[in-house]
Each structure stands twice: as structure tokens, then as C-alpha cells.
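Undergrad: The structure follows.
FYI, it's all coordinate maths here, none of it is from the lab. This is a predicted model, so every value here is computed, not measured. Counting neighbours? That spans all protein chains shown, and the Cβs are built from the backbone with ideal geometry, glycine included.
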Amino acid sequence: MLTESDVLGGLRELAVVFRPPNGRDDLDRLARVYRRALEDVDPFEFRAAVEDYLATGQRFWPPPSKLRTAVDKHRHQNPRAIKTLPLAVQYGRWQGSGDLANDPCPVCGAKLEEEDYKRRPQIYHDHQVHYDAGVGYAGQP
Ligand SMILES: [Zn+2]
């Protein structure tokens, strides 16, 4: 998830080109506000949004909504961009997506298995693959 320090890094880059609303000494306070407004955004997506904003001939300092628009555009244009995110982030999204029945685990490729009608479906993760990747998992090894 996005931290204030992620946001501050991006705002400092923007401040090289644009004038922040209350001057350059106020970036810490802005970082808190922007982090709250964009808290569901991934640090990688935030970086991409900042770069996109810098590259698209904008004239003014972006409010959070402009960066949100850049994030949405990035997500829309790169539906597979999620594949380039770190495995831990992919796992977190997969775990929270409610799509466990359709998509395999992004770390080890395990799928939901329905063994017999009496037991709840299970996902049997490959413990070694998760251990090597440094990404924990919930459920059965
Ligand atoms: Zn797995």
C-alpha cells in the first residue's frame, strides 16, 4: 500500500516542474493528504501516474483527482500490468479479489480444488515455492 514516503517521493518530483499550492516547504503535509486520498493505489501505480502526469504536457500542480485519473488510465490501458507487480502485491490482490475460483495463485499456481462433495474446496499451495519467493499464504500447504 501507498506510504507517505512513496507519495513524498512523487510530490518532490512533481515539485521540480510545478509549483505546489503552498510552496515547496509544505510537501510533507500534502503527502499526508494525497496518501489518504489515494490509499488504495499501489506505490508502482503512483509512480507511473506521476511519470504520466509529467510526460503529458500538464501546466499545473495535480490535485489528487488528476493522479487518480492517471492511475485509472494506466489500469485501463494495461490490464496485464498487475503481472509486473511484486509477487507479494499480486498475492494480496488475488487473496482479496474473491476470484479464487477462477484464477490460480500468482505465486505457486495452485488452484481451488474440490475433492469431494463433503469437504470445502481447498487450495493446496506449494510451500517451497512460497518460501523461496518470500510470500506467505493462507490455507493448506
Ligand atoms: Zn500459492
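Undergrad: Got a sec to turn the phi values of the stretch 21-31 into Karplus ³J(HN,Hα) couplings, 6.51 cos²θ - 1.76 cosθ + 1.60 with θ = phi - 60°, whole Hz, x for Gly and Pro?
TA: Once rounded to whole Hz, the list reads x, 10, x, 6, 7, 9, 5, 4, 5, 4, 4.
Undergrad: Would you mind pulling out the separation of the Cα centroids of the stretch 5-56 and the stretch 61-78, in Å?
TA: Distance between centres, Cα-based: 12 Å.
Undergrad: So which GluC sites (Glu not before Pro) in the stretch 1-98 pass both tests, a DSSP loop state and at most 16 other Cβ atoms within 10 Å of the Cβ?
TA: Answer by residue number: 39.
Undergrad: For the chain, what is the charge dipole size about the Cα centre, in debye to the nearest 20, if Lys and Arg each add +1 at the Cβ and Asp and Glu each add -1 at the Cβ?
TA: 560 debye
Undergrad: With the Cα gyration tensor of the stretch 1-82 giving a ≥ b ≥ c as the square roots of its eigenvalues, does the rule (a/c under 1.5 for rounded; else a/b larger than b/c for prolate; else oblate) give rounded, prolate or oblate?
TA: oblate
Undergrad: Moving on to the next point. Longest exposed-loop-site-free stretch of the chain, with chymotrypsin sites (Phe, Trp or Tyr not before Pro), DSSP loop and at most 16 other Cβ within 10 Å?
TA: 61-116
Undergrad: Follow-up question, since we're still on this one. Tell me, what HN-Hα J-couplings in whole Hz come from the Karplus equation 6.51 cos²θ - 1.76 cosθ + 1.60 at θ = phi - 60° for each residue of the stretch 126-134, using x for Gly and Pro?
TA: Calculated HN-Hα couplings, in order: 7, 4, 5, 5, 5, 4, 5, 7, x Hz.
Undergrad: If amide H atoms are built 1.01 Å from N in the plane of the peptide, which residues on other chains or at least 5 residues away come under 5 Å of the amide H of residue 124?
TA: 111, 113
Undergrad: Name the trypsin sites (Lys or Arg not before Pro) in the stretch 1-77 that are in a loop by DSSP and that have at most 15 other C-beta atoms within 10 Å, would you?
TA: 59
Undergrad: I've got another one for you. Sum up the charges of everything whose Cβ sits under 14 Å from the Cβ of residue 46, counting Lys and Arg as +1 and Asp and Glu as -1, but leave residue 46 out.
TA: Cβ neighbours under 14 Å give a net charge of -2.
Undergrad: Kindly express, to the nearest 10 degrees and within the range 0 to 90, the angle between helix 43-55's C-alpha long axis and the longest C-alpha principal axis of the chain.
TA: 40 degrees
Undergrad: Using label points projected 7 Å from each Cα along Cα→Cβ, tell me how many nm separate residue 112 and residue 65, to one decimal.
TA: 3.8 nm
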